[in-house]
Amino acid sequence: MNKMKIQKVMQPILQLPQVKSMGVIGDPGCEGLGTYNMKVYAGALEKSAGDDITLIAGDLVPIGNAHYYGTISELTESIAHNDIYVLRGNHDTGAYTEYFGRKNYALLAQDFSVVVLDNAMRTFEEEGLELLKQVLEMEEVQQVIVAFHIPVPNHFIRNSVSEEEFARLKAVYGSHKEKVKYLLCGHVHSRFEDVVDDIPLICTGGGGALIEDVSDDIRACDVEHHIVHFYMQDGVLRYRFENLSENAYERERKSSILKENLEQTVANELIAHLKYLMFADRARRRGMEKAANLFEALAASEYHHARNFYSVIENPAPFGESVEKFVPGEEFEYQRLYKMMEEYADEKEAPLTKQAYAGAAAAEKVHAGLLKEAENIEEFDRETVYVCPICGFVMTGDHIPDRCPVCGGPKRQYEVYQAKGENNG
């Protein structure tokens with residue numbers, strides 16, 4: 001029987017003399033456990049496999065019931081290669097102790113120690129503070145990471161515990177402050193480094209949740225999903241961040257049969273998405289708004305299914321290089337493929353097929369031009385894009401024609417896509 005990877009901690013202090021390094025994954029599941037989100041967490045688990053143990057810095061699940069704990073536990077057990085320890089976050093409610101055991105505990109590794117404290121309710125529990133005092137008083141303990149979920153007051157964010165709570169923590173470690181090498185937290189869906197009370201504070205929330213703007217200085221566009229590695233070097237406890245690429249998790253897409261099945265499933269889901277949208281259009285033209293609304297919702301559901309399936313096999317380029325990778329496909333379509341298919345349809349006296357390819361080719365040419373403009377994505381400044389819903393032609397600029405240049409559809413029907421903010425913050 002395989003050894004369980006997730007450790008249910010039952011003792012306040014665990015001796016781990018063989019452990020020399022630790023990976024930390026922050027906030028993997030608070031926004032949901034869908035496949036699209038969990039791909040990041042899966043990649044984080046694979047990257048953290050190089051460390052002796054992994055610590056999840058809170059918010060393993062969106063809410064703490066048996067269903068979500070069971071889902072994340074099964075996924076973690078299937079992917080992890082080292083022992084997983086869990087720190088309680090504010091989303092980790094309910095049945096937390098049934099799955100992961102104690103909320104306050106200490107890991108005594110070969111040359112460093114980790115004291116895990118529960119502050120999910122924005123207060124440090126007396127049990128945890130007493131444990132921290134006990135560990136710091138041990139003569140053999142010299143280099144300590146104090147880990148908790150919600151940050152202490154810092155220079156970057158106000159989403160923290162109160163100054164009074166931090167004072168309680170400082171009162172405990174104060175007489176052994178030289179032993180506390182790092183304060184470690186999660187909760188914030190980003191990353192930052194600070195110094196509080198002359199101790200380095202490391203905040204990591206990049207293990208699955210969507211990265212968010214923290215402040216004018218810490219923007220989502222500047223932060224990648226990531227994990228943190230702690231390790232010993234020349235007798236000193238050090239750390240480093242490792243960014244996770246969008247294709248960090250590779251195992252399942254390496255199966256040719258699985259990949260083929262997933263690709264077919266994606267195609268089926270997208271066809272269903274299109275069918276439902278088209279039926280919604282038909283219903284709306286007949287004044288059946290409730291039916292149209294239902295089928296638009298079903299279409300959205302099918303799209304999200306397709307996205308989840310595709311996320312397993314997607315192998316994207318790094319974000320900054322992604323746009324230029326789309327251009328050759330658009331150029332091939334309008335320069336060769338669609339032109340060839342249009343000619344073939346003409347030979348076969350298939351006017352509707354010919355018309356569809358001609359209209360699509362015109363749009364693909366515009367797509368290629370806009371994608372070339374967007375290759376330097378941070379400098380791309382077109383705020384508004386118009387799409388003709390009749391034929392799919394794309395338009396930009398201040399002077400949009402009253403009629404679509406391809407099919408003649410009226411301006412009043414154009415779909416308008418308006419940017420919500422500047423790309424560069």
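Scan the stretch 195-212 for residues that are crowded, with 21+ Cβ neighbours inside 10 Å, of a type in the set (A, V, I, L, M, F, W, C) and over 15 Å from Phe241 (Cβ atoms) and jot them down.
Within the stretch 195-212, just Ala209 meets the criteria.
Hey, His189 hits all of (1) exposed (fewer than 15 other Cβ atoms within 10 Å of the Cβ); (2) under 20 Å from Glu31 (Cα atoms) but one; which does it fall short on?
Answer for His189: the failing condition is (1).
If you go through the stretch 92-137, how many residues are within 14 Å of Val172 (Cβ to Cβ) and polar (S, T, N, Q)?
Residues flagged as within 14 Å of Val172 (Cβ to Cβ) and polar (S, T, N, Q) within the stretch 92-137 amount to 4.
Go over the candidates Glu330, Glu263, Glu302 one by one and state the one that is touching an Asp or Glu at 6+ places or on another chain (Cβ under 6 Å), touching a residue at least 40 places away in the same chain (Cβ under 8 Å) and assigned to a helix (DSSP H, G or I). Full working, then the answer.
Values: Glu263 fails: touching an Asp or Glu at 6+ places or on another chain (Cβ under 6 Å); Glu302 fails: touching a residue at least 40 places away in the same chain (Cβ under 8 Å).
The unique qualifying residue is Glu330.
For the stretch 213-237, name all the residues that are of a type in the set (D, E, K, R) and either exposed (fewer than 14 other Cβ atoms within 10 Å of the Cβ) or in a helix (DSSP H, G or I) (or both). Give the derivation first.
Of all residues in the stretch 213-237, those of a type in the set (D, E, K, R) come to 213, 216-217, 219, 222, 224, 234.
Listed by number, the residues that qualify are Asp216, Asp217, Asp222, Asp234.
Which residue out of Asp59, Asp111 is touching a residue at least 24 places away in the same chain (Cβ under 8 Å), of a type in the set (Asp, Glu), touching a strand residue (DSSP E or B) at 6+ places or on another chain (Cβ under 6 Å) and part of a loop (DSSP other than H, G, I, E, B)? Explain how you work it out, then say what you get.
Working: Asp59 fails: touching a strand residue (DSSP E or B) at 6+ places or on another chain (Cβ under 6 Å).
Exactly one residue qualifies, and that residue is Asp111.
What about Leu183, is it open to solvent by less than 50 Å² (accessible area, probe 1.4 Å) and within 19 Å of Ala109 (Cα to Cα)?
yes
Which residues, taken from the stretch 38-77, are farther than 14 Å from Arg88 by Cβ, open to solvent by less than 10 Å² (accessible area, probe 1.4 Å) and of a type outside the set (A, V, I, L, M)?
Tyr41, Gly43, Ser48, Thr54, Thr76, listed by residue number.
I'd like to verify a number: residues in the stretch 238-260 that are assigned to a helix (DSSP H, G or I), of a type in the set (A, V, I, L, M, F, W, C) and surrounded by 13 or more Cβ atoms within 10 Å (Cβ to Cβ), how many? Give the steps one after another, and end with the answer.
Taking the stretch 238-260 as the starting set, the residues that turn out to be assigned to a helix (DSSP H, G or I) are 251-254, 256-260.
From what is left, the residues that are of a type in the set (A, V, I, L, M, F, W, C) are 257-258.
Now restrict to residues that are surrounded by 13 or more Cβ atoms within 10 Å (Cβ to Cβ): 258.
Within the stretch 238-260, residues that are assigned to a helix (DSSP H, G or I), of a type in the set (A, V, I, L, M, F, W, C) and surrounded by 13 or more Cβ atoms within 10 Å (Cβ to Cβ) number 1.
Do we find that Ala283 is open to solvent by less than 60 Å² (accessible area, probe 1.4 Å), farther than 19 Å from Ala306 by Cα and in a helix (DSSP H, G or I) in this structure? Explain how you work it out, then say what you get.
Values: open to solvent by less than 60 Å² (accessible area, probe 1.4 Å): yes; farther than 19 Å from Ala306 by Cα: yes; in a helix (DSSP H, G or I): yes.
Yes, satisfied.
Can you tell me how many residues within the stretch 78-107 are among the hydroxyl-bearing types (Ser, Thr, Tyr), open to solvent by 60 Å² or more (accessible area, probe 1.4 Å), out of contact with any helix residue (DSSP H, G or I) (no Cβ under 6 Å at 6 or more places or on another chain) and touching a residue at least 24 places away in the same chain (Cβ under 8 Å)? I'd like the intermediate steps shown before the answer.
Kept after step one, since they are among the hydroxyl-bearing types (Ser, Thr, Tyr), are these residues of the stretch 78-107: 78, 85, 93, 96-97, 99, 105.
In the following step, the residues that additionally are open to solvent by 60 Å² or more (accessible area, probe 1.4 Å) were identified as 78, 97, 99.
Add one more test, that the residue is out of contact with any helix residue (DSSP H, G or I) (no Cβ under 6 Å at 6 or more places or on another chain), and what stays is 78, 97.
Still in the list and also touching a residue at least 24 places away in the same chain (Cβ under 8 Å): none.
Matching residues across the stretch 78-107 total 0.
The values are calculated or read from the model by the stated rules, or taken from the named source; none is laboratory data. Quick caveat: nothing in here was measured; it's all calculated off a predicted structure. Cβ atoms come from the backbone with ideal geometry, glycine included; neighbour counts cover every protein chain shown. Side chains included, ligands, DNA and RNA excluded: accessible areas come from the protein's heavy atoms. Shrake-Rupley method; radii C 1.70, N 1.55, O 1.52, S 1.80 Å.
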